[in-house]
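Nothing in this text is a laboratory measurement; each read-out follows from the coordinates by a stated rule. Since this is a predicted model, take the numbers as computed values, not measurements. Using ideal geometry, Cβ is built from the backbone for each residue, glycine included, and neighbour counts are taken over all protein chains shown.
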Amino acid sequence: MIFDYNVVLDSLPLYFSGVLVTLKLLAISLAFGLLLAVPLALMRISKQAAVNFPAWLYTYVIRGTPMMVQLFLIYYGLAQFEAVRASFLWPYLSSATVCACLAFALNTSAYTAEILAGSLKATPHGEIEAAKAMGMSRFTFYRRILLPSALRRALPQYSNEVIMMLHTTSLASMVTLVDITGAARTVNSQYYMPFEAFVTAGLFYLGLTFILVRLFRLAEHRWLAYLAPRKH
Amino acid sequence: MLNGYGATIIDGTWLTLQLALSSMAVAIALGLLGAAFRISPLRWLSGLGDAYATVIRGIPDLVLILLIFYGGQDMVNRLAPMLGHDDYIDIDPFIAGVGTLGFIYGAYLSETFRGAFMAIPKGQGEAGQAYGMSGLQVFFRILVPQMIRLAIPGFTNNWLVLTKATALISVVGLQDMMFKAKNAADATHQPFTFYLAVAGIYLLITSVSLLALRYLEKRYSAGVKAVEI
């Protein structure tokens, strides 16, 4: 027998609970990552070195080191310090879910900040001048003109980042969480059928990737229709 | 340095660099092949190239590594007896790592190369054909040299991602610097120190690569006017 379907069918419930864990990790880290990325991106487009530099350094360091190292630094590394273990945060920081979400959110915030900064810099001059001509305050200008316009235009690149993050969440299986990859590893250790176990995990990720690509295409259709090439 | 673990980590760094460079060589070969398939006018060849790029890029690196390393080993040992080979075959983690990372990043590079090939004016290839060059000659003499300049930015990105992905190979037992750091962290109970050191080394590697590739891009762009906005 070259491919054992029974093993896969028997463990489908485990895979589906893994899908839920993967989606939960993805949603939480993307939400917090985006929240952190907006101020970082605004810092990255500042002309004042004192504002720009810290954000540049943050994104440079995060983007220059492997996600796995960052995850291990947070999950295994923080326990090295007595002060961390004694603090009121320890119950949270000793949880694999919290550590994974924290590491993923910090990671995606750096990548997203660079995407947003690029999109903010590409804001058409006319939009900025029009806002000034209307006498908008700085805050109103950011809220009504700059951010909505830049966030929309960042959508195609952000969809890539979201798919990268979906794939990154597979690292959660290394800190004891049972996401899709974790489910595959459990199946592998139960039946010793690595090929079946990991092919199934791969198919689940492939399915999720296609769904996300589809959703982003719909989102682009909704929010970027004004930039689409003319059809006639 | 580092409680006496400095030297082993440096050893691991060397292995990481070897792994990254060898995988990149495999990835470039597969990427060129994939891109050549995808721009081919033959429907089944371009379909094959597209399937390679889409499937590989849709699955996480870690899952592919586990699949190819454990699943591949399992498959080899299930198939080998049918071919009359009865000993258990053990795959070397370095070879498996190079093959796996090369196979994965070949898919990403095929996308980069395809975009670069498509940006070369059509007349260039046609001129080569008019001179009586064969398809392969046009590909290697006309298209590839011009494609390099256009592919460098995408290549830089892929190289950085690949370098960082080498850390994942430690999961299947290759003794790269991540593996060594994990051992040192377990022995000394100082995980933060060792993972921080490894993070620093990775940052150094990516920074040097970034500078080198930026220089290369400048060299390859000699004679091309940069657009000022």
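Where nothing but the Cβ of Lys and Arg (+1) and of Asp and Glu (-1) is charged, how large is the charge dipole of chain B around its Cα centre, in debye to the nearest 20?
1000 debye
Based on Cβ point charges of +1 for Lys and Arg and -1 for Asp and Glu, what charge dipole magnitude is obtained for the range A:93-232 about its Cα centre, in debye rounded to the nearest 20?
So the dipole magnitude of the range A:93-232 works out to roughly 700 debye.
For B:195-203, what's the mean count of beta carbons from other chains sitting within 10 Å of each residue's beta carbon?
The per-residue average across the peptide is 6.
Is there a pair in B:122/B:164; A:24/A:132; B:122/B:218; A:121/B:164; B:164/B:218 whose C-alpha atoms are over 31 Å apart, and which pairs would that be?
Pairs exceeding the cut-off: B:122/B:164; A:24/A:132.
Report D for chain B in µm² per second (integer): Stokes-Einstein, Kirkwood Rh on Cα pairs, 25 °C, 0.890 mPa s.
For these conditions, the coefficient is 123 µm²/s.
Per residue of the range B:131-136, what does 6.51 cos²θ - 1.76 cosθ + 1.60 with θ = phi - 60° give for ³J(HN,Hα)? Whole Hz please, x for Gly and Pro, Karplus curve as stated.
7, x, 6, 7, x, 5
Mind checking which helices in chain B clear 24 Å along their axis (Cα) and have mean Kyte-Doolittle hydropathy of 0.0 or more, DSSP H runs only?
Result, helices passing both filters: B:6-38, B:93-118, B:144-165, B:191-220.
What number in nm² do you get for the range A:114-232 if you take the convex hull of its Cα atoms and divide its surface by four?
Values: hull surface 43.8 nm².
Mean shadow area of the hull around the Cα atoms is 10.9 nm².
For the protein assembly as shown, give the magnitude of the charge dipole about the Cα centre (Cβ charges: +1 Lys/Arg, -1 Asp/Glu; no others), in debye to the nearest 20.
Here the size comes out at about 2260 debye.
For chain A, with a Gaussian network of springs between Cα atoms less than 10 Å apart, report the residue from A:24, A:121, A:132 with the top mean-square fluctuation.
Result for chain A, Cα springs under 10 Å: A:132 fluctuates most.
To the nearest µm²/s, what D does Stokes-Einstein give for the range B:136-193 at 4 °C and 1.567 mPa s, using the Kirkwood radius over alpha carbon pairs as Rh?
On the way: Rh = 14.5 Å.
Translational D for this selection: 90 µm²/s.
Can you tell me the Rg and the Dmax, both Å, for the Cα atoms in the range B:169-229?
Just the Cα atoms of the range B:169-229 yield Rg and Dmax of 18.7, 56 Å.
Would you mind checking which residues have amide H under 5 Å from residue B:176's amide H? H placed 1.01 Å from N; only 5 or more apart, or other chain.
none
For the range A:71-84, just list the computed ³J(HN,Hα) in residue order, Karplus coefficients 6.51, -1.76 and 1.60, θ = phi - 60°, integers in Hz, with x standing in for Gly and Pro.
Ordered by residue, 3J(HN,Hα) equals 5, 5, 4, 6, 6, 8, x, 4, 5, 5, 9, 4, 4, 5 Hz.
Report the normalised scattering of the range A:60-106 as log10 I(q)/I(0) at q = 0.15, 0.28, 0.34 Å⁻¹, calculated by the Debye formula with identical scatterers on the alpha carbons.
So the normalised log intensities work out to -0.38, -1.02, -1.23.
Starting at the first residue of the range A:165-172, write each ³J(HN,Hα) from the Karplus equation 6.51 cos²θ - 1.76 cosθ + 1.60 with θ = phi - 60°, in whole Hz, x for Gly and Pro.
Coupling constants for the range A:165-172: 5, 4, 6, 5, 4, 4, 5, 4 Hz.
Say R0 is 25 Å: what FRET efficiency, to the nearest 0.05, do residue B:11 and residue A:79 get from their beta-carbon distance?
The computed FRET efficiency comes out at 0.40.
Rg and Dmax in Å for chain A, alpha carbons only: what are they?
Just the Cα atoms of chain A yield Rg and Dmax of 21.3, 74 Å.
Relative to the compact-globule scaling 2.2 N^0.38 Å, provide the ratio for the alpha-carbon radius of gyration of the protein assembly as shown.
Compared with the compact-globule rule of thumb, the protein assembly as shown sits at 1.06.
Using r as the Cβ-Cβ distance of residue A:132 and residue B:210, and R0 as 22 Å, what FRET efficiency do you calculate, to the nearest 0.05?
Given R0 = 22 Å and the Cβ-Cβ separation, E is 0.05.
Between A:126, A:202, A:33, where does the largest GNM mean-square fluctuation fall for chain A, given springs only between Cα atoms within less than 10 Å?
Result for chain A, Cα springs under 10 Å: A:126 fluctuates most.
Could you give me D for the range B:107-165, from Stokes-Einstein at 4 °C and 1.567 mPa s, where the hydrodynamic radius is the Kirkwood radius over C-alpha pairs? Units µm² s⁻¹, please.
Value of D from the Cα-based Kirkwood radius: 106 µm²/s.
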